[in-house]
Amino acid sequence: MALWEGEGMPDHGDCAAMVETEGMSSHPLEQDTVLCVRTGEGHIARLRVSSFPENYGPFVKFDAVIWTPSDA
């Protein structure tokens, strides 16, 4: 997992490079925080915090893009 701090949204190449070089295990989340991750299957994904649902305890709602090898 890596925190995106650049301008705009990262693409597959940005996220893949960050996951390889800037791994972390946790990070405080705020609205619109963008994270790049590698899934258990090895795919690269981009997660953006879209909300913190009020009635669901300590949960986070993400907008996600998961790239498959044919998308990269």
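The values are calculated or read from the model by the stated rules, or taken from the named source; none is laboratory data. Worth saying up front: this structure is predicted, and the values here are computed from it rather than measured. Note that we place each Cβ from the backbone using ideal geometry, even for glycine, and neighbour counts take in every protein chain shown.
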Where residues in the range 49-72 are outside any strand (DSSP E or B) and β-branched (V, I, T), which of them is surrounded by the most Cβ atoms within 10 Å (Cβ to Cβ)? V60
Please work out which residue is nearest to the chain's Cα centre (by Cα), limiting yourself to the range 11-35 and to residues that are closer than 16 Å to V49 by Cα and assigned to a loop (DSSP other than H, G, I, E, B). T33
Flagged pairs (Cβ under 6 angstrom, 6 or more apart or on separate chains; first in the range 1-13, on the phi < 0 side of the Ramachandran plot and surrounded by 11 or more Cβ atoms within 10 Å (Cβ to Cβ); second part of a loop (DSSP other than H, G, I, E, B) and modelled with pLDDT of 95 or more) are W4/P10
Restricting attention to the range 22-48, and to residues there that are β-branched (V, I, T) and within 13 Å of M9 (Cβ to Cβ), which single residue is surrounded by the most Cβ atoms within 10 Å (Cβ to Cβ)? V34
